[in-house]
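Notes to accompany the following structure.
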Amino acid sequence: MKIVNISTNDFNGGAARATYRLHREFINLGHDSKLLVLQKNLDDNTVFTVNSNRFARFVSKYTGAIDNIPTRFLNITNTWSTGWYGQDISNIDIVKEADIIVLYWVSAGFLSPKSIFQLSKLNKPIFWRLSDMWPFTGGCHYSNGCDKYMNNCGSCPELKSNKDSDLSRKLINKKNKLWKNLDINIIAPSTWIADCAYKSTIFRNKKIKVLGTGVDTKIFKKIEKNIARDILNLPKDKKIILLGAVDISNDTRKGGQLAYEALNKLFDVNLNETCLVVFGSSINVFKNLNIDVNMLGKINDEYTLALLYSAADVFIAPSKEENLANTVLESASCGTPIVSFNIGGMPDIIKHKKNGYLSKPFDTNDLAYGIEWVLNSKNYDELCNNARKSILDKFDSSNISKKYIELYKGTFDE
């Protein structure tokens, strides 16, 4: 089977890493899989870029800014894409030759609604794996609790608009007009985002399949804590609380402020014997905590990440909205319990007091209690073993990829 996977990036960010992981698993299963991206970073001859010359590669760095020109003077605090700018990739050879087209995260000026309509003219099965909510909203990547995408958007709170016919209404109407009769198969990594898609005006009549994100359990595996800490030069005599997000300091959806408040409320642990380790962010928003803070910055190497998860005693994920976070899956795969709010796709991974702790949404007292509960648990080893087992049972990448192939093959059997 010839598969073309289409993504804005090949390895920059959680969505891109999940895409690349699936792509490589398809190859391992013997399929002719190719990855087509706007911005290529990896030295991999199965990854192709739409930018064939130096000028095009230069322009590709700014397509996200170009796409958001209509919102340039609006005070938007969360990720928002207009979808007005995109590229026609339907004439690219690896796309025309493919049996299956799979879309992933294609925003930031890569594909527009019209670009996806142009792909449909090739008369090939199209699957779209939902990395976030943008495919069925009027522009936001996460709705921040707003449900207007269920009824054509308009008066968008993110745009601070009181007009029904605002930019969000225009974009969602454009998607509806172009995609209404398209046979797009939707893959939802979590039951939460599947439910959102079912209720949306865009995808309520589409076929939606829940299929989780896979984890490479050979890389993300349990490593003895002291060995991991020794390699990373982390303290062996302290309990380590780990937190990781691409931009925890500026992306309010990631819950940095909520984590800060919860960590300041810890009282049932010895603060002198506890420290916080943060990766993915270069700005220390936790510097005034009563515990030591170690900021590691951005980490791209998966083997280093596996060491980091294994070195930690607990991983906290304070997001306000989340589909199915790679960090949570990877932490569990390394046998490190997770504490998060009971939101989004978190319950798909975290089983309360079995392999982690699900706190009441946005209750920082309960989040603090959850951290303490894990660190002080008499059954801590059981929590760790359950975390690893939950990934092996449901999210191992080799098994997940086989389910994807079965789904793709089903389109030829109907």
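Structure notes:
One line per residue, one yes/no per condition, for (1) modelled with pLDDT under 95; (2) open to solvent by 10 Å² or more (accessible area, probe 1.4 Å):
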position	(1), (2)
ILE187	no, no
ALA194	no, no
ALA197	no, no
LYS207	yes, yes
THR213	yes, no
ILE223	no, yes
LEU234	no, yes
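- Helices (runs of 4 or more DSSP H) contained in segment 312-414 and holding at least 3 residues out of contact with any strand residue (DSSP E or B) (no Cβ under 7 Å at 6 or more places or on another chain): 364-375, 380-394, 397-413
- Residues satisfying the stated conditions in segment 370-379, i.e. touching a residue at least 40 places away in the same chain (Cβ under 8 Å) and open to solvent by 40 Å² or more (accessible area, probe 1.4 Å): ASN376
- Test: LEU308 is in contact with a Phe, Trp or Tyr (Cβ under 8 Å, 6 or more places away or on another chain) and either surrounded by fewer than 19 Cβ atoms within 10 Å (Cβ to Cβ) or not aromatic (Phe, Trp, Tyr) (or both): yes
- Count of segment 387-411 residues which are touching a Pro at 6+ places or on another chain (Cβ under 8 Å) and either open to solvent by 60 Å² or more (accessible area, probe 1.4 Å) or closer than 30 Å to GLN257 by Cα (or both): 1
- Residue list for segment 159-178, restricted to those being open to solvent by less than 60 Å² (accessible area, probe 1.4 Å), farther than 21 Å from THR79 by Cβ and of a type outside the set (A, V, I, L, M): ASN176
- Applying the condition of being modelled with pLDDT of 90 or more and among the hydrophobic types (A, V, I, L, M, F, W, C) to segment 73-102 and asking which residue is nearest to the chain's Cα centre (by Cα) yields VAL102.
- Of the residues making up segment 272-288, those that are surrounded by 14 or more Cβ atoms within 10 Å (Cβ to Cβ) and closer than 29 Å to ARG388 by Cβ are THR274, CYS275, LEU276, VAL277, VAL278, PHE279, GLY280, SER281, PHE286.
- Residues that are at pLDDT below 70 and either within 18 Å of LEU22 (Cα to Cα) or among the aliphatic types (A, V, I, L, M) (or both), drawn from segment 34-66: ALA56, VAL59
The values are calculated or read from the model by the stated rules, or taken from the named source; none is laboratory data. Since this is a predicted model, take the numbers as computed values, not measurements. As a convention, Cβ positions derive from the backbone with ideal geometry for all residues, glycine included, and neighbour counts pool all protein chains shown. Note: areas computed on protein heavy atoms with side chains; ligands, DNA, RNA excluded. Shrake-Rupley method; radii C 1.70, N 1.55, O 1.52, S 1.80 Å.
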